[in-house]
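Asks: If you scroll down you'll find the structure; I have some questions about it.
The values are calculated or read from the model by the stated rules, or taken from the named source; none is laboratory data. Model, not experiment: these values are computed from the prediction. Here the Cβ positions follow ideal geometry from the backbone for every residue, glycine too, while neighbour counts run over all protein chains shown.
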């Protein structure tokens, strides 16, 4: 099934965003329900370190915004969503193109919404791997996303976040 124009536009916006574009990574797929994003981090001149492998900063930059953007798009403008911490476990050098697939399930989103009815802010951990096309894991990430309800004095966000 081909992508809708809305998803193509979101993928284009994501890849053109300056901070993400500089990472060297590219979003190659966004699910129609916007609960899954696949990125590709190529080994090329821009991402190569002095050892000829993908440098760790490019690896982290490729996955940094994914879960925060997915969650923010589903929760809407009444919430702040950002990355709080990241635990990076390098398993082996990135000697070729790497791929990551960030997912947020509907039960996870429902659980987050429920928790935010009881608390004003929460943290959630997500696990993500950067791996070769064959599935060989180069890096394992544990990403902590911080989610906070906006205060009454704060204005809702404009369309900076990728709206659904």
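Asks: Please go through the range 113-129 and give me each residue that is surrounded by 15 or more Cβ atoms within 10 Å (Cβ to Cβ) and within 23 Å of residue 32 (Cβ to Cβ), ordered by number.
Replies: Scanning the range 113-129 gives 126, 128.
Asks: Inspect all residues belonging to the range 146-157 and state whether any of them is outside any strand (DSSP E or B) and modelled with pLDDT of 95 or more.
Replies: Checked the range 146-157: no residue is outside any strand (DSSP E or B) and modelled with pLDDT of 95 or more.
Asks: Give the range 37-60 a look and list any residue that's touching a helix residue (DSSP H, G or I) at 6+ places or on another chain (Cβ under 8 Å) and either within 27 Å of residue 107 (Cβ to Cβ) or modelled with pLDDT of 95 or more (or both), or say none.
Replies: 37, 39, 41
Asks: Now a separate question. If you check residue 61 against the conditions, is it closer than 20 Å to residue 130 by Cα and out of contact with any strand residue (DSSP E or B) (no Cβ under 7 Å at 6 or more places or on another chain)?
Replies: Yes; evaluated as a whole, the condition is true for this residue.
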